[in-house]
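Single-structure report; data block below.
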Amino acid sequence: MNDHLVQFYEDDVFLIKGLADYIGSALASGNKGIAIATGDHLRSLEETLSARGLLDERGCATVGSYVALQADHMLPLLMEDGIPNEIAFRNSIGALISDAAERDTKKIYVFGEMVAILCAASHCSLLSTGKHDAAIRVERYFNNLQRHFAFSLLCGYPLDAFPSSSDALMFDEVCALHTHVLPAESYDPAASLQSLQRTIASLQQQAYSLSTEVHDRRQIEQALREVNVDRLTGLPNRNVFHDRLDMDIKKAHRSGLPLALLFIDLDHFKEINDTLGHEIGDLLLKQVGQRLQAYVRETDTVARLGGDEFTITLSELHDTGKVTDVAQKIRNDLARPFRLEGELAYISASIGITLYPRDGANAGDLLRNADQAMYQSKDGGRNRFTYFTASMQEAAQARMAMSNELRRAIEDDQLELFYQPIVDMANGRIRKAEALLRWQHPLLGKVSPVEFIPIAEHTGLIVEMGNWVFRNALAHARRWRALDDQLTVNVNVSPAQFYQANGDNCRHWVTDGAFGANGVAGAPEVGLEITESLLLASNNFVLKQLLAFQQAGIKISLDDFGTGYSSLSYLRKFDLDFLKIDKSFVYNLENDAANVALCEAIIVMAHKLGLKVVAEGVETQQQYDMLRHAGCDFGQGFLFGAPLPADDFEALLRRGGALAS
């Protein structure tokens, strides 16, 4: 950015000295200096520059380049109808500066004696525009010129140009037009009225400089607060948390007293944002911060890391048993309702706890440990606290190793699809199949989906794997339609696949699969199986994607019904096609009257809602008979067949596909 400086002066001695220093420095550096001042001031300037050996006897620069412009000659050139005009300015002073900037490779330094420029000749009336307004106009003309051409500018004003306290606002505006306000010249406060007038102007200038400094300091203080304090809750933020944790570790090392780190993650906070709005969610976070602070000492630290994650550092513990008491109180308190602008909101917290020095020697280890323990609380059902153990770290390392192996499995074609028959309960014929992913590792052997599917979901690999499953299942299903024109292959879809890129990932299945709207070319060869957790989120893009599948004729099944939230409102809200009774209700059906009643109720309810029912986990003939008698439409389980490789399943279809009667 080009410098645009302003200097206030009391007398000509100071003006000439400051002017000679500014222009002289430019010349001594081999650059170009342009001085715009009265004739008397220019002559005094040139005498000073000559004495310094910067001008010769002809007034030419011995080093660099020097141009002198008399202000009273320039004034008529930049005025129009007695008022400064920007076009006239550009054609006069502006043209001289721009030509020099375009022609010379040297730096350009310009000095302008502003009041002299505007009031040097009485025949150039400023009309209704006073000299202050005129000065501001010309300053802005210079600023505009600096946007297009590189030059530095120093504007000089006598202190008595602003003699009255009423000039303060105008003085501030003049200062604000410059990049820097140079300190005012000191003076001897003698000589009555004129001196007092100058004193007023000097104080105004000093007040402006002081106010600017105060403003800058406030901005710095505000920036420091924003760097260190979470804006929403007022708690220390992540940066301060790390600093204080490091300090607490050093204190603990010196004192020999342990410290505890609690990592707190709010359960179901996303649902608050989705249902009540982000403003209500912000209010909740503020209240959470306030509640957490009630359970710590002044020497402890409550911080917000971001989102719905908080930490508490309990330092210099004489009794580590107190940590459990604090965690229990926090868990209980956060489970109490929050009143948020007339709304009642309920959440809970999953808490992970780690201790120094037992679990780790530095802040990074402790934070990692507490985070792992917190996720253990999540996996254990939420609304609880868990202490870190070494086995958690071993499990985390095992998951990382499994994740790396899983990436290679995708690349090396270690994955394979198996197909389990789903039969028509009325005649025992295969009408559907569920595509199930299997992993045959070259060293580990068969890896259970229970082990690798959660890791795939956590790392995002489930998206790539899901696309692979869909493509291969669709290819098999289309080939098998030649054997059975009613066969449909169901593909399981993880919620993570829907959330990827707001559903764009799954949306490609409709277009890439070339399904016609409403099954123009016959019913689609594949169906989808989703879980209740996907419906619980009920984001708009999820709803739109489900609708797109349905418009393409793809049938959707709700898997594992009865094991999750099982809200009947989901069955009314979403246009589903099939409901799959979880195998836990079918197990021991012949000996459990309660399960019989539940299965019968689910079947009746589903039929009333226009849904067909698939019973999972059918293993005995008696279970088959009871479900068929209750009106169940389809069955799946080892009674009808275990999951088979594609070739074996195709051979089963070629034999007629009848498994039960």
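Pairs are defined by a Cβ separation below 8 Å, a sequence spacing of at least 6 or placement on different chains, a first member in the range 467-495 that is over 15 Å from residue 555 (Cα atoms), and a second member that is assigned to a helix (DSSP H, G or I) and of a type in the set (Ser, Thr, Tyr); the pairs so defined are 495/533.
Has the range 420-433 got at least one residue that is outside any helix (DSSP H, G or I), open to solvent by 70 Å² or more (accessible area, probe 1.4 Å), under 30 Å from residue 655 (Cβ atoms) and touching a Leu at 6+ places or on another chain (Cβ under 9 Å)? Yes, that holds for at least one residue. Within the range 46-73, which residues are assigned to a helix (DSSP H, G or I) and under 19 Å from residue 152 (Cα atoms)? 71, the sole residue that qualifies.
The set of residues from the range 545-558 being open to solvent by 40 Å² or more (accessible area, probe 1.4 Å) and touching a strand residue (DSSP E or B) at 6+ places or on another chain (Cβ under 9 Å) comprises 550, 555. Here residue 393 meets the list (1) buried (at least 19 other Cβ atoms within 10 Å of the Cβ); (2) assigned to a helix (DSSP H, G or I); (3) without any contact (Cβ under 8 Å) to a residue 40 or more places away in the chain almost entirely, failing just condition (1).
Quick one: what pairs do we get from the range 18-44, first residue within 14 Å of residue 153 (Cβ to Cβ) and touching a residue at least 40 places away in the same chain (Cβ under 8 Å), second open to solvent by 10 Å² or more (accessible area, probe 1.4 Å) and among the β-branched types (Val, Ile, Thr), C-beta under 9 Å, 6+ apart or different chains? Correct list of pairs: 19/48; 32/67; 33/67; 34/67; 35/67. The residues listed here are 54, 78; of these, the one that is more than 55 Å from the chain's Cα centre (by Cα) and open to solvent by less than 40 Å² (accessible area, probe 1.4 Å) is 54. Screening residue 238 against (1) out of contact with any strand residue (DSSP E or B) (no Cβ under 8 Å at 6 or more places or on another chain); (2) over 23 Å from residue 383 (Cβ atoms); (3) of a type in the set (Lys, Arg) leaves a single unmet condition, (1). Of everything in the range 33-48 that is surrounded by fewer than 23 Cβ atoms within 10 Å (Cβ to Cβ) and not acidic (Asp, Glu), the residue that is nearest to the chain's Cα centre (by Cα) is 34. Residue pairs whose Cβ atoms lie under 6 Å apart, sitting 6 or more positions apart in sequence or on different chains, and linking a residue in the range 399-417 that is under 14 Å from residue 454 (Cβ atoms) to a partner that is open to solvent by 30 Å² or more (accessible area, probe 1.4 Å) and part of a helix (DSSP H, G or I), are 403/459. Just to be sure, is residue 361 at pLDDT below 95, out of contact with any Leu (no Cβ under 6 Å at 6 or more places or on another chain) and open to solvent by 50 Å² or more (accessible area, probe 1.4 Å)? Yes: the conditions hold for residue 361. Evaluating residue 287 against the criteria (1) assigned to a loop (DSSP other than H, G, I, E, B); (2) touching a residue at least 40 places away in the same chain (Cβ under 8 Å) leaves one unmet condition, (1).
Scanning the range 16-30 for residues that are within 16 Å of residue 112 (Cβ to Cβ) and either open to solvent by less than 10 Å² (accessible area, probe 1.4 Å) or touching a helix residue (DSSP H, G or I) at 6+ places or on another chain (Cβ under 6 Å) (or both) yields 16, 19, 20, 23, 26. Here is the figure for the range 593-630: residues that are surrounded by fewer than 15 Cβ atoms within 10 Å (Cβ to Cβ) and in a loop (DSSP other than H, G, I, E, B) total 2. If you go through the range 401-419 and keep only what is open to solvent by less than 50 Å² (accessible area, probe 1.4 Å), under 25 Å from residue 652 (Cβ atoms) and either part of a loop (DSSP other than H, G, I, E, B) or hydroxyl-bearing (Ser, Thr, Tyr) (or both), you end up with 414, 419.
Cβ-Cβ distances below 6 Å connect the following pairs, each with a first residue in the range 361-382 that is under 18 Å from residue 323 (Cβ atoms) and assigned to a helix (DSSP H, G or I), a second residue that is open to solvent by 50 Å² or more (accessible area, probe 1.4 Å) and of a type in the set (Lys, Arg), and a separation of six or more residues or different chains: 377/384. Within this structure, residue 95 passes the test of being of a type in the set (A, V, I, L, M) and either touching a residue at least 60 places away in the same chain (Cβ under 8 Å) or surrounded by fewer than 16 Cβ atoms within 10 Å (Cβ to Cβ) (or both).
The values are calculated or read from the model by the stated rules, or taken from the named source; none is laboratory data. Please read these numbers as outputs of a predicted model, since none were measured by experiment. Cβ sites come from the backbone with ideal geometry, for glycine too, and all protein chains shown count toward neighbours. Please note that ligands, DNA and RNA were not included when accessible areas were found on the heavy atoms of the full protein model with its side chains. Shrake-Rupley method; radii C 1.70, N 1.55, O 1.52, S 1.80 Å.
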